[in-house]
Amino acid sequence: MTQTSTEISAYHAHVYFDAQSLDQATELCQQAHAVLGVSMGRIHQKPVGPHTEWSCQLSFDAKKIGEVLPWLTLNRNGLTVFLHPITGNDLDDHTKYVMWLGDSKPLKIAMFL
């Protein structure tokens, strides 16, 4: 399906972690909220939605990408971050338009088909 929207309204950054990096991920997400003013979701200690790893979602307006992306790049300290836009097309947002900071991980995209 061809993308019909030409605008990005927001972004989600999903910080991935495991039991050993739980404290590190929690601190990163709390700092992102405090320093950047992004919305911080729950710390999920199980796979949620299309994510096959534990994660915490950071949400922010599209205008903040120039501030948030460099900050996450420099402060993720080895954690993997999955970043995608919100365009109104969930499948494309989670497949075609993604950015990975660190190693990419598999996603369960069948829910968007």
Problem set entry | Members of the stretch 51-67 found to be open to solvent by less than 50 Å² (accessible area, probe 1.4 Å), outside any helix (DSSP H, G or I) and closer than 14 Å to Gly37 by Cα, listed by number | Leu58, Ser59, Phe60
Exercise. Taking the stretch 16-45 as the search range and keeping residues that are small (Gly, Ala, Ser) and surrounded by 13 or more Cβ atoms within 10 Å (Cβ to Cβ), which one is farthest from Ser104 (Cα to Cα)?
Worked result: Ser39
Exercise. Which numbered condition trips up Ala13, out of (1) surrounded by fewer than 15 Cβ atoms within 10 Å (Cβ to Cβ); (2) in contact with a strand residue (DSSP E or B) (Cβ under 7 Å, 6 or more places away or on another chain)?
Worked result: (1)
For this session: Output the number of residues of the stretch 72-97 satisfying the condition of being of a type in the set (A, V, I, L, M, F, W, C), part of a helix (DSSP H, G or I) and surrounded by 18 or more Cβ atoms within 10 Å (Cβ to Cβ).
Result: 1
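Each row is one residue, and each column tells you yes or no for (1) modelled with pLDDT of 95 or more; (2) more than 21 Å from Leu69 (Cβ to Cβ); (3) in contact with a helix residue (DSSP H, G or I) (Cβ under 9 Å, 6 or more places away or on another chain); (4) in a strand (DSSP E or B).
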{"residue": "Ala13", "(1), (2), (3), (4)": "yes, no, yes, yes"}
{"residue": "Leu22", "(1), (2), (3), (4)": "yes, yes, no, no"}
{"residue": "Ala25", "(1), (2), (3), (4)": "yes, no, no, no"}
{"residue": "Leu28", "(1), (2), (3), (4)": "yes, no, yes, no"}
{"residue": "Gln31", "(1), (2), (3), (4)": "yes, no, yes, no"}
{"residue": "Val35", "(1), (2), (3), (4)": "yes, no, yes, no"}
{"residue": "Gly41", "(1), (2), (3), (4)": "yes, no, yes, yes"}
{"residue": "Lys46", "(1), (2), (3), (4)": "yes, yes, no, no"}
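The values are calculated or read from the model by the stated rules, or taken from the named source; none is laboratory data. Here the structure is a predicted model, which is why all the values come from computation and not from measurement. Don't worry about glycine lacking a Cβ; one is built from the backbone with ideal geometry, like all the others, and counts go over all protein chains shown. The area values use the complete protein model at the heavy-atom level, side chains included, leaving out ligands, DNA and RNA. Shrake-Rupley method; radii C 1.70, N 1.55, O 1.52, S 1.80 Å.
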